[in-house]
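In what follows, a single structure is set out as structure tokens and then discussed.
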Amino acid sequence: MENDYEVLVVDDERIVGKQLKSALSKDGYKVEAYEVPAEAIKRLDEKSFDIVVTDIRMDIVDGIEILEHAMNKSNRTKVIMITGFAMMELARHAMDKGAFDFIAKPFKPDDLRSSVARAVKTIQQAN
């Protein structure tokens, strides 16, 4: 399945980023994955993505900064936050900042696929 939706994955754990990229690529998304958040921010300056999937807890640049940067670049971008620290306060904060969804680790690839599919549907309905 080929589609035109571009996804940016940001997770400072290389293995997680590779797994997420692989799962989403199999669904036909064009996926770029970064394990260094500062590089992902730089890439967001260069290009708009339809969907950003980012870990919240990372060194130096965290997922909330990625979220804010993506939303400032394009309010059309849907940002899905993932974290191993599933705290309601953190989820609420991310949602208040404009996050589309919040997924707690560990999760199955299908959980992410489902969230991305919902994001795509929301983008399509807005067009």
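The values are calculated or read from the model by the stated rules, or taken from the named source; none is laboratory data. Since the structure is predicted, the reported quantities are computational estimates derived from the model, not experimental observations. No Cβ is skipped: glycine too gets one built from the backbone with ideal geometry, and neighbour counts run over all protein chains shown.
Here are the numbers for the structure shown:
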read-out	value
Subset of segment 63-82 (residues that are of a type in the set (Val, Ile, Thr) and assigned to a helix (DSSP H, G or I))	Ile64, Ile66
Count - residues of segment 93-109 that are within 25 Å of Ser48 (Cα to Cα) and of a type outside the set (Gly, Ala, Ser)	9
One residue from Ala40, Ala91, Ala33, Ala99 being closer than 14 Å to Ala119 by Cα, small (Gly, Ala, Ser) and without any contact (Cβ under 8 Å) to a residue 40 or more places away in the chain	Ala99
Lone qualifier among Gly98, Gly84, Gly63 - being under 21 Å from Asp12 (Cβ atoms) and either crowded, with 21+ Cβ neighbours inside 10 Å or touching a helix residue (DSSP H, G or I) at 6+ places or on another chain (Cβ under 7 Å) (or both)	Gly63
Residue that is nearest to the chain's Cα centre (by Cα), among those in segment 45-62 that are within 19 Å of Val16 (Cα to Cα) and in a loop (DSSP other than H, G, I, E, B)	Ile56
Sole exception among (1) of a type outside the set (Phe, Trp, Tyr); (2) at pLDDT below 90; (3) not in a helix (DSSP H, G or I) for Val31, by number	(2)
